[in-house]
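The values are calculated or read from the model by the stated rules, or taken from the named source; none is laboratory data. Since we're looking at a predicted model, the values are computed, not measured. Positions of Cβ are generated from backbone atoms using ideal geometry, with glycine treated the same way; all protein chains shown enter the neighbour counts. What goes into the accessible areas is simple: the full protein's heavy atoms, side chains included, and nothing from ligands, DNA or RNA. Shrake-Rupley method; radii C 1.70, N 1.55, O 1.52, S 1.80 Å.
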Amino acid sequence: MDVHALGWIALAAIILTMITIDVVGHVRTPHEPSMREAAAWSAAYIAMACVFGAVVWAVWGGRYGQEYFAGYVTEKALSIDNLFVFVIMLAAFRVPRAYQQEVLLAGIVIALVLRLVFILAGAALVERFGAVFYVFGAFLVGTAVRQVVDARRGAGGPDDGAEYVDNAVTRLVRRVLPTTDGFVGNRLIHRHAGRTMITPMLIAVVALGSADLMFAVDSIPAIFGLTSEPFLVFSATAFSLLGLRQLYFLIDGLLERLVYLPYGLAVILGFIGLKLIDHALRANSLPFINGGRPVRLVPEPSTAVSLLVIVVTLVVVAVASLLRTRRRGGRH
């Protein structure tokens, strides 16, 4: 895929414009968005992602268009898992509802920067060391198994009683910089009596942004299993993250109804993990595997098949979860 520098500039301009609209139109005046507002903006972000995908399809062809949409749908599905942790973190930091939009947006911007670094590093590894697909694939299969095990234990949801614990970044911030006792409006930094202090708002922003690293460890290998083009990987990741703030307010309180989501994510991650391992076997050059010769076990699934598996899995998860919660409600 040959992407001119103007393509990257256009993508950066779109992302910066969307962030600016968020800052100017929604965060400048702190408020708790209504369900109608969150739904409208969620639909707008999804529409933007689809329009961008249509442009990719028209300019670079159907193959790359399918790879983009497969990556976007996968990242969007995995991003829903982020919301479980966001709910817990915002509650643990006791961020006022009116200021949660600002914290989410700032955290997402940090996450975008960190993910770009991850993507560029991943692309370099894929280009130079084809055997890294074995590592990515094995990791995703292991993550899929962990999703099922955690779901069976009843862990990972917003009502499991888990509490967020400061990670290394936020602990370092607390030790190094003086912190106010509580929130000071929506300020990140507060100066009082000649002393500059950070606020819990800034710590919450840093926590959200840095906590996204653990999700990047799962999602970046997953999308590299669908496309190895850095332009498509980053654009799909960016569009999925940028709509996450509105999605949070739209489905906050509805997350507990997606009871089968962990199993659906396990199917998606397991499928992509096995696809990566199969790809690595087809391009195998490791001497201790089949004498360094390629191994072809099963027909390689096309991008269209991968996209179909992902979409069907999510539809089944949504329908099954809805039926399950309705049955529970009927018993009450």
Residues (at pLDDT 80 or above and surrounded by fewer than 16 Cβ atoms within 10 Å (Cβ to Cβ)) located in the stretch 122-137:
V135
One residue is enough: does the stretch 102-119 have a residue meeting the conditions under 17 Å from the mean Cα position of the chain (by Cα), farther than 19 Å from F234 by Cα and in contact (Cβ under 8 Å) with a residue 12 or more places away in the chain?
yes
Filter result for R146 (surrounded by fewer than 19 Cβ atoms within 10 Å (Cβ to Cβ) and either assigned to a helix (DSSP H, G or I) or at pLDDT below 75 (or both)):
yes
Out of curiosity, is T227 assigned to a helix (DSSP H, G or I) and closer than 23 Å to Y134 by Cα?
no
Within the stretch 238-246, does at least one residue satisfy the condition of being closer than 30 Å to A280 by Cβ, out of contact with any Gly (no Cβ under 9 Å at 6 or more places or on another chain), crowded, with 21+ Cβ neighbours inside 10 Å and modelled with pLDDT of 80 or more?
yes
Name the one entry in V259, V233 that is open to solvent by less than 30 Å² (accessible area, probe 1.4 Å) and among the β-branched types (V, I, T).
V233
Any idea which of (1) in contact (Cβ under 8 Å) with a residue 60 or more places away in the chain; (2) open to solvent by 30 Å² or more (accessible area, probe 1.4 Å); (3) in contact with a helix residue (DSSP H, G or I) (Cβ under 7 Å, 6 or more places away or on another chain) is the one V298 doesn't satisfy?
(1)
Is it true that L286 is surrounded by fewer than 11 Cβ atoms within 10 Å (Cβ to Cβ) and in a loop (DSSP other than H, G, I, E, B)?
no
Say whether the condition of being touching a residue at least 24 places away in the same chain (Cβ under 8 Å), assigned to a helix (DSSP H, G or I), touching a Ser or Thr at 6+ places or on another chain (Cβ under 9 Å) and open to solvent by 70 Å² or more (accessible area, probe 1.4 Å) is met by at least one residue in the stretch 267-278.
yes
When the stretch 208-222 is checked residue by residue, the ones that are touching a helix residue (DSSP H, G or I) at 6+ places or on another chain (Cβ under 7 Å) and at pLDDT below 75 are G209, S210, A211, D212, L213, F215, A216, D218, S219
Matching residues, the stretch 281-332, being among the charged types (D, E, K, R) and under 23 Å from P262 (Cβ atoms)
R324, R326, R327, R328, R331
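So that you can scan it fast, the table gives a plain yes or no per residue for (1) open to solvent by less than 20 Å² (accessible area, probe 1.4 Å); (2) among the aliphatic types (A, V, I, L, M); (3) modelled with pLDDT under 75:
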position	(1), (2), (3)
S42	yes, no, no
V59	no, yes, no
Q66	no, no, no
G71	yes, no, no
V87	no, yes, yes
V95	yes, yes, no
